[in-house]
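Report on the structure given below.
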Amino acid sequence: MDVDAAGLQAYADELQARFMALQSEALDLHERTRAVEVTEKSANGLVSATVGAGGELIRLDLDPRVFRDPDARGLADTITDTIHRAAAKAQDKVVEIFESVVPADQMRAHLDGDIETVMKQLAGQMVEGDDRR
């Protein structure tokens, strides 16, 4: 029983330390995240998309040459692909910004809205904390 209590105390101490680090860095992390903007160009160079930290479209630029080929579906797919690639890179930057206080795989799961994975990771950390005794 004492061993389990010691493991739980160690885990609680680790969570408290992580929370304190997050709290002390919160404003800086928030500002750095808000400043994230990623611009990605399509493979053909005719589409440029800039997105923010959450993948929201900030700017879309189309080279006038896109209108030479009347393939609306192709243009739409190129735009969509370019935005998705920019959003993925923006997410990578956000994960990188938070890696000092949140493990990358946990942050990715959080950003993806995958609460089940986040909870499993937290439970796994509790078990690891228990194993460190």
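The values are calculated or read from the model by the stated rules, or taken from the named source; none is laboratory data. Note that the coordinates shown come from a computational prediction; the quantities given were computed from them, not determined experimentally. Heads up, the Cβs are rebuilt from the backbone with ideal geometry, glycines too, and the neighbour counts pull from every protein chain shown.
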Next on the checklist: I'd like to check something: does the range 55-63 contain any residue that is of a type in the set (A, V, I, L, M) and touching a Leu at 6+ places or on another chain (Cβ under 9 Å)?
Outcome noted: yes
Next on the checklist: Under 7 Å between Cβ atoms, which residue pairs at least 6 apart in sequence (or on different chains) link something in the range 1-30 that is more than 19 Å from GLY124 (Cβ to Cβ) with a partner that is assigned to a helix (DSSP H, G or I)?
Outcome noted: LEU29/ILE97; LEU29/PHE98
Next on the checklist: Given the criteria over 26 Å from the mean Cα position of the chain (by Cα) and either at pLDDT below 95 or of a type outside the set (Asp, Glu) (or both), does LEU29 qualify?
Outcome noted: no
Checklist outcome for this item: Cβ pairs under 8 Å, 6+ apart or interchain, first in the range 106-119 and closer than 16 Å to ALA87 by Cβ, second of a type in the set (A, V, I, L, M), ordered by first then second residue, are MET107/VAL94; MET107/VAL95; ARG108/VAL95; HIS110/VAL102; HIS110/VAL118; LEU111/VAL94; LEU111/VAL95
Item to check | Residue that is farthest from the chain's Cα centre (by Cα), among those in the range 1-26 that are closer than 28 Å to GLY54 by Cα and not small (Gly, Ala, Ser) | outcome: GLN16
Checklist outcome for this item: Subset of the range 45-73, residues more than 30 Å from GLU31 (Cα to Cα), modelled with pLDDT under 95 and surrounded by 12 or more Cβ atoms within 10 Å (Cβ to Cβ), comes to VAL66
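I'd like to check something: does the range 93-102 contain any residue that is β-branched (Val, Ile, Thr), over 19 Å from VAL38 (Cα atoms) and touching a residue at least 40 places away in the same chain (Cβ under 8 Å)? Explain how you work it out, then say what you get.
Filtering the range 93-102 for residues β-branched (Val, Ile, Thr) gives 94-95, 97, 101-102.
From what is left, the residues that are over 19 Å from VAL38 (Cα atoms) are 101-102.
Narrowing the set further to residues that are touching a residue at least 40 places away in the same chain (Cβ under 8 Å) leaves 101-102.
Yes, because at least one residue in the range 93-102 is β-branched (Val, Ile, Thr), over 19 Å from VAL38 (Cα atoms) and touching a residue at least 40 places away in the same chain (Cβ under 8 Å).
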Item to check | Residue ID - modelled with the lowest pLDDT, chosen from residues in the range 80-101 that are surrounded by 19 or more Cβ atoms within 10 Å (Cβ to Cβ) and of a type in the set (A, V, I, L, M, F, W, C) | outcome: PHE98
